[in-house]
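Trainee: Could you have a look at this structure, given as structure tokens, before my questions?
The values are calculated or read from the model by the stated rules, or taken from the named source; none is laboratory data. If you're wondering where the values come from, they're calculated on a predicted model, not measured in any experiment. Virtual Cβ from ideal backbone geometry, glycine too; neighbours counted across all protein chains shown. Protein only, heavy atoms only, side chains kept; ligands, DNA and RNA dropped before computing areas. Shrake-Rupley method; radii C 1.70, N 1.55, O 1.52, S 1.80 Å.
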Amino acid sequence: ASHYGIGDLEALVRDTHKFESRYIDNLIAPYSAETVKIYKERSPINYVDQLNCAMAFFQGDEDKIVLPNQAEMMYEAVMAKGLPTVLVMFKGEQHGFRKAENIQKALDGEFYFFAKVFGFEPADKHISLDIKNLKN
């Protein structure tokens, strides 16, 4: 399960807001023609062909640090590969969920997702997610 995670480091460098734009320089390297290979090698979006498990994505629609396009591109790629996947977008949330009801919904959603993927019935049945590519 990915909570506001990064899928494409190049897109992150290009799209993140100014305050965070240099943070990744210290984690990886300043982005340049010389370091672009490192960014590509460390971006999960470039290794979707190697994935073989279900993935759930939880994202705030107002996240300015890791933009929603990160979760959306990974979700689309995993779905296209035919793996079980779900994307839950939280309206009004930013990077890190702050509203108690959304924190609870993310936890419940993750549990529901794993229950369906691993084939057990959760005792609490108050949540339902549209999991793509789930085989019964």
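Trainee: Tell me the label-point distance for the pair Ala123, Glu34, using the 7 Å Cα-to-Cβ offset, in nm and rounded to one decimal.
Mentor: 5.9 nm
Trainee: Divide by every residue of the chain the summed helix terms, -39500 (n - 2.57) for each DSSP H run of at least 4, and state the resulting mean residue ellipticity at 222 nm, rounded to the nearest 500 deg cm²/dmol.
Mentor: -11000 deg cm²/dmol
Trainee: Mind checking the per residue accessible area of the chain for me, 1.4 Å probe, whole number of Å²? Please report the intermediate quantities before stating the final value.
Mentor: Values: 8100 Å² over 136 residues.
Here the residues of the chain average 60 Å² of exposed surface.
Trainee: I've got another one for you. Please list the non-local residues whose amide H lies under 5 Å from the amide H of Phe90, H modeled 1.01 Å from N, same-chain partners needing a gap of 5 or more.
Mentor: Under 5 Å from the amide H of Phe90 lie the amide H atoms of Gln59, Gly60, Asp61, each far enough along the sequence or on another chain.
Trainee: If you don't mind, there's one more thing I want to ask. Report the calculated FRET efficiency for Glu41 and Glu101 (r = Cβ-Cβ distance, R0 = 41 Å), to the nearest 0.05.
Mentor: The pair Glu41/Glu101 has a calculated efficiency of 0.60.
Trainee: Could you give the dipole magnitude of the chain about its Cα centre, charging the beta-carbon of Lys and Arg +1 and that of Asp and Glu -1, in debye to the nearest 20?
Mentor: About 80 debye.
Trainee: Considering only Cα-Cα distances, which of the following residue pairs are longer than 22 Å: Lys81/Lys105; Lys81/Lys132; Lys64/Lys116? Intermediate results must be reported in sequence, preceding the final value.
Mentor: Working: Lys81/Lys105 27 Å; Lys81/Lys132 11 Å; Lys64/Lys116 31 Å.
Exceeds cut-off: Lys81/Lys105; Lys64/Lys116.
Trainee: State the label only: which of (i) 17.7, 55; (ii) 26.2, 86; (iii) 16.1, 53 corresponds to Rg and Dmax of the Cα atoms in Å computed from the shown model?
Mentor: Recomputing Rg and Dmax of the Cα atoms in Å here picks out (iii).
Trainee: Which shape class applies to region 58-106: rounded if a/c is under 1.5, otherwise prolate when a/b exceeds b/c and oblate if not, where a ≥ b ≥ c are the square roots of the Cα gyration tensor eigenvalues? Before the final figure, lay out the partial values.
Mentor: Numbers: a/c = 3.64, a/b = 1.66, b/c = 2.19.
Oblate.
Trainee: Sorted by mean Cβ packing within 10 Å, highest first, what order do the peptides 101-107, 62-68 take?
Mentor: On the way: 101-107: 15.0, 62-68: 18.9.
The peptides rank, most packed first, as 62-68, 101-107.
Trainee: Between the helical axis of 100-118 and the dominant principal axis of the chain, each derived from Cα atoms, what acute angle in degrees is found, rounded to the nearest 10?
Mentor: Here the helix axis deviates by roughly 70 degrees.
Trainee: About the Cα centre, and with charges only on the beta carbon of Lys, Arg (+1) and Asp, Glu (-1), how big is the dipole of region 16-81? Nearest 20 debye, please.
Mentor: In total the dipole reaches around 200 debye.
Trainee: Here's a follow-up. Taking all protein chains as present, what is the carbon and sulfur share of the accessible area of the chain, in % to the nearest whole number, probe 1.4 Å? Present the calculation step by step, with values, prior to reporting the outcome.
Mentor: Values: 4390 of 8100 Å².
Carbon-and-sulfur percentage of accessible area, whole number: 54.
Trainee: Nearest 5 is fine: what % of DSSP beta bridges in the chain come out antiparallel, could you say?
Mentor: Of the beta bridges lying entirely in the chain, close to 20 percent run antiparallel.
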